[in-house]
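First up is the structure itself, then whatever we jot down about it.
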Amino acid sequence: MQNQLVLHHPIFNYISKASEELGLESYVVGGYVRDLIMQRPFKKDIDFVCVGSGISLAEKTASLIDPNIQVHIFKNYGTAMFHAFDTDIEFVGARRESYQRDSRNPIVEDGTLEDDQNRRDFTINALAISVNKNNFGELLDPFNGIDDIEKGIIRTPLDANITFSDDPLRMMRAIRFASVLQFSIEHSTFEAIKNNKERIKIISQERITEELNKIILSKNPSIGFGLLFDSGLLEIIFPEMYALHGVDTIRNLSHKDNFYHTLKVLDNVCEMSDSLWLRWSAILHDIAKPPTKKFDENHGWTFHGHEFLGSKWVPNIFKRMKLPLDAPMRYVQKLVLLHLRPISLTKENITDAAIRRLLFEAGDDIDDLMMLCRADITSKNKLKVKRYLDNFDIVEKKIIEIEEKDHIRNFQPPISGELIMETFGIQPCKEIGIIKNQIKDAILDGDIRNDYDEAYQMMLQKGQSLGLIVKKNG
Ligand code: CTP
């Protein structure tokens, strides 16, 4: 590995000039350096550390680029940032930190570059590159971070127990980096996560969830979840998911371990989609299996109703995890609720009515639901897998055929409530809902087509049978 790096971004020359004018040393640190060395995509944020005032360096640099740039100053933290060249540029003065046991707020003192590298989370994040005129581009790697990058290892620069106890979010970050970069966590670093797991409780849920979502968005989130499980963190931050683990056996009959099954399903959907919410649906699809588990003398292990209970749990889990409670939550609830429907369709003779009902309930999320269902097939029995997948092909073909014919996916009732009120000269009342439902059911069952005229005739007939009198005939 060379220890002279080529820095392309236009900000570096400005920082170099500003540092010279202020007479201080500056370095680029953290994720930018790590990603540059690993040739990973640039994430449009760069962190600088200087031996002196980070705020002064930010102000000086901004004034050299464009005096109108707004510099955001966080006096309490001694940090500053501004946006330029489509990049967030962040500044901090080199510091030495010491922490109290019951607080995340460190006591901060000015320090050297080395002090600053010492206080960082991992060796791969503690690399610095000089932007000073005399040694511009020189790499400073006191903890062999380059070596760890090459070997694929997450390790703390100092005693891991201190690093994690100081800032317990770093336990989540360690696992996130392991999952995203497909690195392994060095033994004593991982042991320290186990020792300090309880300290995760002082971290805000928002920050925990941010890391969790980054794990979920990695290529193989099973790596991250496996580490969360093995470290003991999962039991604390996500007890419902932890409870999926384990296998019971009665009369030689065992069910599968639902934790590892869920991880397989999650990795499977990741091969098909980058959607965070589809991935969350995979995580939660079997979440209510533990409380619905029963041993039935005739059928072995059953989990009846786990899809209903699971979808009922989604709002509480989302609320606790501080995940969005609007469209994403409704989407995940829907997919958890419906995840067994396509497979049950393949067991019976697939009727058009059953497909129409599924299309009606899944709406535009039908394709995602089918992805989840395909991902859910984790059997080791190749014949069984082939049979299920072939059946899904049939279901999908039928879905396309029926959607072309009946347009159920974005079902809009052909007869509105207003028209029912006008026709029978009535005010809002429960009969309107009854008629609308009967028309919808008739369309889904295939008794009438999804068509205004047929639905209108049905409305007249159903209204009259409810004792309503036609006031206006359209
Ligand atoms: N850092 C740390 N402890 C934390 C958070 C950050 O030591 N809890 C340090 C690390 O040196 C990190 C740098 O601050 O590299 C910048 O942090 P951040 O921007 O949050 O993360 P990156 O490492 O840049 O990575 P990413 O952008 O992928 O989150």
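Can you tell me how many residues within region 351-367 are of a type outside the set (K, R) and open to solvent by less than 40 Å² (accessible area, probe 1.4 Å)?
Summing the residues that are of a type outside the set (K, R) and open to solvent by less than 40 Å² (accessible area, probe 1.4 Å) in region 351-367 gives 9.
With the requirement that a residue be surrounded by fewer than 17 Cβ atoms within 10 Å (Cβ to Cβ) and in contact with a helix residue (DSSP H, G or I) (Cβ under 8 Å, 6 or more places away or on another chain), what does region 375-387 give you?
T378, S379
So Q4 ticks every box in (1) within 13 Å of the ligand (Cβ to nearest atom); (2) of a type outside the set (F, W, Y); (3) not assigned by TED's automatic domain parsing to the domain that holds R120 but one. Which box is left unticked?
Checking Q4 against (1) within 13 Å of the ligand (Cβ to nearest atom); (2) of a type outside the set (F, W, Y); (3) not assigned by TED's automatic domain parsing to the domain that holds R120, the one that fails is (1).
Counting residues that are over 21 Å from S311 (Cβ atoms) and modelled with pLDDT of 90 or more, which helices (runs of 4 or more DSSP H) fully inside region 344-411 reach at least 1?
It comes to 352-362, 382-406.
Given F164, F190, which one is without any contact (Cβ under 8 Å) to a residue 60 or more places away in the chain, more than 23 Å from R96 (Cβ to Cβ), touching a helix residue (DSSP H, G or I) at 6+ places or on another chain (Cβ under 8 Å) and aromatic (F, W, Y)?
Sole residue among the options that is without any contact (Cβ under 8 Å) to a residue 60 or more places away in the chain, more than 23 Å from R96 (Cβ to Cβ), touching a helix residue (DSSP H, G or I) at 6+ places or on another chain (Cβ under 8 Å) and aromatic (F, W, Y): F190.
Within region 7-36, restricting attention to residues that are within 18 Å of R95 (Cβ to Cβ) and assigned to a loop (DSSP other than H, G, I, E, B), which residue is nearest to the ligand (Cβ to nearest atom)?
The selected residue is G30.
Search region 170-182 for residues that are farther than 12 Å from I203 by Cα and of a type in the set (S, T, N, Q) and pair each with any residue that is more than 9 Å from the ligand (Cβ to nearest atom) and in a helix (DSSP H, G or I) when their beta-carbon atoms are under 6 Å apart and the residues are at least 6 apart or on different chains.
Final answer for the pair search is S179/I215; S179/I223; S179/G224.
Do we have any residue at all in region 446-459 that's crowded, with 17+ Cβ neighbours inside 10 Å and closer than 25 Å to M370 by Cβ?
Yes, region 446-459 has at least one match.
The values are calculated or read from the model by the stated rules, or taken from the named source; none is laboratory data. The shown structure was predicted, so the numbers you read here are calculated from the model rather than taken from an experiment. Every residue, glycine among them, receives a Cβ derived from its backbone with ideal geometry; neighbour counts consider all protein chains shown. Remember, those area values only see protein heavy atoms, side chains included, never the ligands or the DNA or RNA. Shrake-Rupley method; radii C 1.70, N 1.55, O 1.52, S 1.80 Å.
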